[in-house]
Amino acid sequence: MTQPKPLVVLATVGPLLRDAVALGVVVDHPRTVVLRHDIVDGPDGGGIRRVVADAGGVLEDVLVPLAHACLSCSVREDAVPTLERLARDPRWDQVLLALPVSAESLPVTRALGAAAGRAGRLRGLRLASVVAALDLAAFEDDLLGDDLLDERGVALTADDERAVGEALAAQVAHADVVLVAGEPAEHPVASDLLDHVRAADGLRVDGVLAADAAALFAGAHDLRAGDRRLDPRRAAPVPDAPTRHGVWTLDLRADRALHPERLVADVARLGQGRHRSRGRFWVPSRPDSVCAWDGAGGQLSVGEVGTWGRRAPGTRLVFTGVQDVRADLLAAFEDVLLTADEHARGLHPWLGREDVLAPWLGDRAA
C-alpha cells in the first residue's frame, strides 16, 4: 500500500520570507512541490491566485474565481482538490503548502486534517508539520506595534481589519516549528519575546536556511495539540521563558468574575499598549459562558468560546511585554474584578440587569 506523502503548511506575515523558505526547501529537496495561494479581493468578486512550482520552476499560475474571497473558501474550493491532484503525481515525494501572507494556520490545518482522514479526499497526504517563519529584526514591532495588515498591503480582503500582531501571534503560537531569520545576538529582546509567545511544546530553529527540511516533512502534526495551543481556556505562561533582557510575562488569576460595567469603562487599561495578552474570563451576567480574551498589536478581541460545564468558572489573563507596565496592569485587573463583597453576594443581583457586553459577546440565549 502506498504511503501518504508528507504535507508541510507554512505561514508568514512577509511575502519575501515566504518565498525564501519555499525556495530553500525545493532547492534542498528537488522532489518537493509547492502550492502557494494568495487571496485576490475586488469589486467584481474574489478569487484565489494559485501557483504550483517545483525545483524546475513555476508549473501553474492561475486565478481561480470564487464567489467571495476568503481563506475558508480557498481551502474548501481550491486547496483540497489541488493537493489531492498533487499527491497523486509521481513526480513529487512531498508537498509544501504556502498559505496566503498573514493567513492563520489553525483553521487551515483543521480543514486539511479532516480531509486527510481514511475516507477523505486527502488520504494520499499526511499532515507533517505546521511552520511559521519570521524576521527577528522586525518581530518586536510586528507583534507589539499597532500597524494594520492593510497598511502593509498584506490584508487578506478589503474588510480585513486585523493588526499585524494579531496575525503573527496566532501563527507563532500554533506552529510546530518557528523558523527565525536574523541573529538572536543582534536582537536579544525580540529573541526573548519570541520564546515567551511561541508554543511551549514547539521547536525554534534559528536561521531560515539552517532548517532541516527533511525533519519538517518527517514530523507528525497533532491536531488536538494545535487546538490546545490557541485555546484561551488553556492560556498559561511558557515555562522557563528567558527574562535577562527585560521581557516579562504576567499571569493574572482569580476565581472572581470581571465586573461588566467596570470592564467596559476600563478596558483600555488592560487591552491597549505594547503587550501580548490572552486568556479567559467570566462575568456574573453570563455565569455559564467562557469568555475569551485575545490581544496583540494594540487590538483586543473578546468573545464566547463555550460553557464552563462541570468546571468552576475562573479568570486567567496572561500578559507579555517589554516595557515594564506590570504594576499598572495588576492595578487595572484588580479594579475590574468583582470585589470580595460583590462576589459574596452571588449572582442574584445580576438577574435582569442590562448586558453591557452584548455588543462584543452577542445576545444572551433566551
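Within the stretch 131-167, can you find the residues that are assigned to a helix (DSSP H, G or I) and open to solvent by 10 Å² or more (accessible area, probe 1.4 Å)?
Across the stretch 131-167, the qualifying residues are A137, A138, E140, D141, D142, D150, E151, R152, E166.
Is it true that some residue in the stretch 326-333 is of a type outside the set (K, R) and in a loop (DSSP other than H, G, I, E, B)?
no
Scanning for something in a helix (DSSP H, G or I), within 21 Å of Q94 (Cα to Cα) and touching a residue at least 24 places away in the same chain (Cβ under 8 Å), does the stretch 194-201 turn up at least one residue?
Checked the stretch 194-201: no residue is in a helix (DSSP H, G or I), within 21 Å of Q94 (Cα to Cα) and touching a residue at least 24 places away in the same chain (Cβ under 8 Å).
Do we have D288 as more than 24 Å from L203 (Cβ to Cβ), open to solvent by 40 Å² or more (accessible area, probe 1.4 Å) and in a strand (DSSP E or B) here?
yes
One line per residue, one yes/no per condition, for (1) in the same structural domain as V189 (by the TED database); (2) open to solvent by 40 Å² or more (accessible area, probe 1.4 Å); (3) under 24 Å from the mean Cα position of the chain (by Cα):
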position	(1), (2), (3)
L317	no, no, yes
T320	no, no, yes
L330	no, yes, no
L338	no, no, no
G346	no, no, no
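Residues of the stretch 250-270 being open to solvent by less than 20 Å² (accessible area, probe 1.4 Å), part of a helix (DSSP H, G or I) and among the hydrophobic types (A, V, I, L, M, F, W, C), which ones?
Scanning the stretch 250-270 gives L263, L270.
Out of all the residues in the stretch 20-59, which are under 25 Å from the mean Cα position of the chain (by Cα), outside any strand (DSSP E or B) and without any contact (Cβ under 8 Å) to a residue 40 or more places away in the chain?
L23
Could you run through the stretch 272-303 and say how many residues are closer than 16 Å to R253 by Cα, under 22 Å from the mean Cα position of the chain (by Cα) and not acidic (D, E)?
9
The values are calculated or read from the model by the stated rules, or taken from the named source; none is laboratory data. Remember, it's a predicted structure, so these values are computed and weren't measured experimentally. Virtual Cβ from ideal backbone geometry, glycine too; neighbours counted across all protein chains shown. Ligands, DNA and RNA are stripped out before the accessible areas are found, and what is left, the full protein with its side chains, is counted by its heavy atoms. Shrake-Rupley method; radii C 1.70, N 1.55, O 1.52, S 1.80 Å.
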